[in-house]
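One structure is given here, and the rest of the page talks about it.
The values are calculated or read from the model by the stated rules, or taken from the named source; none is laboratory data. The shown structure was predicted, so the numbers you read here are calculated from the model rather than taken from an experiment. All Cβ positions, glycine included, derive from the backbone under ideal geometry; neighbour counts span all protein chains shown. Keep in mind that these areas ignore ligands, DNA and RNA; they rest on the heavy atoms of the full protein, side chains included. Shrake-Rupley method; radii C 1.70, N 1.55, O 1.52, S 1.80 Å.
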Amino acid sequence: MYFTSPTKGRMTFEQMMADIMGYITGLPTSAYKIIIGSDSQVKQETCFITAVIVHRLGKGARYYYRKKIQRKIKSLRQKIFYETALSLELGGLIARHFAECGLDDLQVEIHIDVGTHGETRDLIREVVGMVTGSGFQAKIKPEAYGASSVADKHTK
């Protein structure tokens, strides 16, 4: 599983986590939020992007993303559930890594690409339930910038 850092290029999960740990311990007095969000774009196939954002509150952020190409998915419901599942899978790996490093107080937020306007509104309850049932905080649009702006930027 490889990730891309806009500043450091291609890295493994372990390298990404080491970079994140360095970023957090580099300024330990700051508050941090870990955000994971996925988005997708359907063309001949479906391109899924899952972004990991490390937000140093009030002092900027750093992000990484993973690209996954799947067959063409026409169902919006299936696409949203798959995006949410990708975010949850990565969220679980990251939360476990933080717990192993003694940082289990770091909150991991999952940003879901659904909102109260548009055709995704009927899916909100289910996908938010998936996320909160997995022990994460869920954010939907307009607060879901991890999915709707960071991940979205790399699906094009």
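Identify the residue in the range 97-126 that is part of a loop (DSSP other than H, G, I, E, B) and open to solvent by 70 Å² or more (accessible area, probe 1.4 Å) and, among all such residues, is nearest to residue 35 (Cα to Cα). Across the range 97-126, the extreme among qualifying residues is 107.
The residue that is surrounded by the most Cβ atoms within 10 Å (Cβ to Cβ), counting only those in the range 74-89 that are at pLDDT 95 or above and farther than 16 Å from residue 139 by Cα, is 79.
Assuming residue 107 fulfils every condition listed in (1) of a type outside the set (Ser, Thr, Tyr); (2) at pLDDT 95 or above; (3) within 25 Å of residue 16 (Cα to Cα) apart from one, which condition is it? Going through the list (1) of a type outside the set (Ser, Thr, Tyr); (2) at pLDDT 95 or above; (3) within 25 Å of residue 16 (Cα to Cα), residue 107 breaks only (2).
Any residue in the range 128-139 that is at negative phi and either assigned to a loop (DSSP other than H, G, I, E, B) or at pLDDT below 95 (or both)? Looking for residues that are at negative phi and either assigned to a loop (DSSP other than H, G, I, E, B) or at pLDDT below 95 (or both), one finds at least one in the range 128-139, hence yes.
When residue 31 is tested against the conditions (1) over 16 Å from residue 146 (Cβ atoms); (2) in contact (Cβ under 8 Å) with a residue 60 or more places away in the chain, the lone failure is (2). Considering 7, 25, 29, the condition of being modelled with pLDDT under 95, loosely packed, with under 11 Cβ neighbours inside 10 Å and not in a loop (DSSP other than H, G, I, E, B) is satisfied by 25 alone.
Considered as a group, the residues in the range 127-143 that are out of contact with any strand residue (DSSP E or B) (no Cβ under 6 Å at 6 or more places or on another chain) and over 17 Å from residue 39 (Cα atoms) include one that is surrounded by the most Cβ atoms within 10 Å (Cβ to Cβ), and that residue is 134.
Collect the residues in the range 62-73 that are of a type outside the set (D, E, K, R) and either open to solvent by 50 Å² or more (accessible area, probe 1.4 Å) or under 10 Å from the mean Cα position of the chain (by Cα) (or both), keeping them in residue-number order. Once the filter is applied, which keeps residues that are of a type outside the set (D, E, K, R) and either open to solvent by 50 Å² or more (accessible area, probe 1.4 Å) or under 10 Å from the mean Cα position of the chain (by Cα) (or both), the range 62-73 yields 63, 64, 65, 69, 70. Flag not set for residue 64, criterion: of a type in the set (Ser, Thr, Tyr) and free of Cβ contacts under 8 Å to residues at least 60 places away in the same chain. So which residues in the range 45-69 are of a type outside the set (D, E, K, R), assigned to a strand (DSSP E or B) and either modelled with pLDDT under 95 or under 12 Å from residue 150 (Cβ atoms) (or both), if there are any at all? Once the filter is applied, which keeps residues that are of a type outside the set (D, E, K, R), assigned to a strand (DSSP E or B) and either modelled with pLDDT under 95 or under 12 Å from residue 150 (Cβ atoms) (or both), the range 45-69 yields 49, 50, 51, 52, 53, 54, 55, 61, 63, 64, 65.
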